[in-house]
Amino acid sequence: MGEFLHNCSDEIPEDTIMVPHGSFISYLSLDFIENIFSVPMAGNKYLFKWESDRHLERKWLEGAGIKIPMSFENPLEIDRPVIIKLFGAKGGMGYFVAYDHEDFERKIKGIKGSYQIQEYIVGVPMYFHFFYSPLKRELELLSIDKRYESNVDAIGRIPGADQKHLGLSPSYSVVGNFPIVARESLLEDVFDIGERVVKESQNISEKGILGPFCLETICTADLDIITFEISARIVAGTNPFVPSSPYTYAKYGKDISCGRRIAMEIKDAIATDSLKEVTT
Ligand code: AMP
């Protein structure tokens, strides 16, 4: 894709605006995106390094002052169930759970490359799709999804006694997405978390978050929302909400998907001669 874009950059019409997505960031180098590719992007391309580097991502979430899972730098410090996340893994592929330090050492054998050891949060995964409008200076909740992950979402279908015989341990490869509507009383916290993340984005990058972003969270039995990852752009979890979601329908009274919301912002920016405020 990088080579293709390199070769055709000059032929891309001048009035093009690119909407960046996950594959775009995975397959192109950050240097190319930030310094070479000159087509304007709907979003803040300078935040992509913050979502791609687990250390920077953590710094962003810590700076926002929201609840995040503990991280273990030294495996000897593991004192609770943890999830091991391989750097550069796509869609949870290859992640595994360890119950203590010995279990970790057993399972990490033969695994090459860097990884992060994170506290395993027990609860319901909820992925909040927000949209921050720099024109209206307003945060919107567009939709919420839950991923369908193999085999962790399949293990519960096998009785406990049989699980033991099968020697199953959970893996987290994303295979699909379900829509969720959150318990209403959670929404105040959800907006508080989203607003903190937007505020911190403005401290780490001049324009801050522009447009869609996703917070990956787990909601515990105490209704605490723990955020473990951020995507500073549109994500695949918005796909179940074409053409609409209950949240956008409630706000706009008509069908609005994430893609359409991005288009609305661009149109508003063109109408008010403020395209520079919504692009980088
Ligand atoms: P990620 O690649 O960070 O999006 O994570 C892939 C999947 O791993 C998530 O969708 C969750 O099901 C699971 N996961 C990630 N981090 C944690 C955590 N700290 N505790 C429990 N499950 C997690």
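Here Glu140 meets each of (1) more than 18 Å from the chain's Cα centre (by Cα); (2) part of a strand (DSSP E or B) with one exception, condition (1). Would you confirm whether any residue within region 97-120 is open to solvent by less than 60 Å² (accessible area, probe 1.4 Å), near the ligand (Cβ under 8 Å from one of its atoms), in contact (Cβ under 8 Å) with a residue 24 or more places away in the chain and in a loop (DSSP other than H, G, I, E, B)? The answer is no; no qualifying residue exists. Residues in region 232-256 that are among the hydroxyl-bearing types (Ser, Thr, Tyr), assigned to a loop (DSSP other than H, G, I, E, B) and free of Cβ contacts under 8 Å to residues at least 24 places away in the same chain: Ser244 only.
Of the residues Gly259, Gly194, only one is crowded, with 19+ Cβ neighbours inside 10 Å, away from the ligand (no atom under 16 Å from the Cβ) and part of a helix (DSSP H, G or I); which?
Values: Gly259 fails: crowded, with 19+ Cβ neighbours inside 10 Å.
After ruling out the rest, the residue left standing is Gly194.
What do you reckon, is Ile218 open to solvent by less than 40 Å² (accessible area, probe 1.4 Å) and more than 18 Å from Leu139 (Cβ to Cβ)? Lay out the reasoning, then the answer.
On the way: open to solvent by less than 40 Å² (accessible area, probe 1.4 Å): yes; more than 18 Å from Leu139 (Cβ to Cβ): yes.
Judged against the criteria, Ile218 is a match.
If the requirement is being in contact with a Leu (Cβ under 7 Å, 6 or more places away or on another chain) and surrounded by 14 or more Cβ atoms within 10 Å (Cβ to Cβ), which of these qualifies: Lys49, Lys59, Lys45, Lys85?
Numbers: Lys59 fails: in contact with a Leu (Cβ under 7 Å, 6 or more places away or on another chain); Lys45 fails: in contact with a Leu (Cβ under 7 Å, 6 or more places away or on another chain); Lys85 fails: in contact with a Leu (Cβ under 7 Å, 6 or more places away or on another chain).
Within the list Lys49, Lys59, Lys45, Lys85, the selection yields Lys49.
If a residue has to be of a type outside the set (Gly, Ala, Ser) and under 19 Å from the mean Cα position of the chain (by Cα) to count, how many in region 248-280 make the cut? Residues flagged as of a type outside the set (Gly, Ala, Ser) and under 19 Å from the mean Cα position of the chain (by Cα) within region 248-280 amount to 3.
Return the only residue of Phe96, Phe48, Phe37 being within 24 Å of Pro20 (Cα to Cα), aromatic (Phe, Trp, Tyr) and at pLDDT below 95.
On the way: Phe96 fails: within 24 Å of Pro20 (Cα to Cα); Phe48 fails: at pLDDT below 95.
Going through Phe96, Phe48, Phe37 in turn, the sole match is Phe37.
Here region 145-185 is the region considered, the condition is being under 19 Å from the mean Cα position of the chain (by Cα) and more than 16 Å from the ligand (Cβ to nearest atom), and the residue that is most open to solvent (accessible area, probe 1.4 Å) is Val181.
Listed conditions (1) over 26 Å from Trp60 (Cβ atoms); (2) within 16 Å of the ligand (Cβ to nearest atom); (3) assigned to a helix (DSSP H, G or I); (4) of a type in the set (A, V, I, L, M, F, W, C) are all met by Ala221, apart from (3). Close contacts from region 68-83, counting a first residue that is more than 15 Å from Glu102 (Cβ to Cβ) and a second that is polar (S, T, N, Q), with Cβ to Cβ under 6 Å and a gap of 6+ residues or different chains, come to Ile68/Thr227; Pro69/Gln118; Ser71/Gln118; Ile83/Gln118. Residues that are more than 12 Å from the ligand (Cβ to nearest atom) and under 30 Å from Phe24 (Cβ atoms) within region 66-96 comprise just one, Ile66. Each residue in region 265-280 was checked for being in a helix (DSSP H, G or I) and open to solvent by 50 Å² or more (accessible area, probe 1.4 Å), and 7 pass.
The values are calculated or read from the model by the stated rules, or taken from the named source; none is laboratory data. Here the structure is a predicted model, which means the values were calculated and not measured. Quick reminder, even Gly has a Cβ in these numbers, built from the backbone with ideal geometry, and neighbours come from all protein chains shown. For the accessible areas, the whole protein counts, side chains as well, though only heavy atoms, and no ligand, DNA or RNA atoms are used. Shrake-Rupley method; radii C 1.70, N 1.55, O 1.52, S 1.80 Å.
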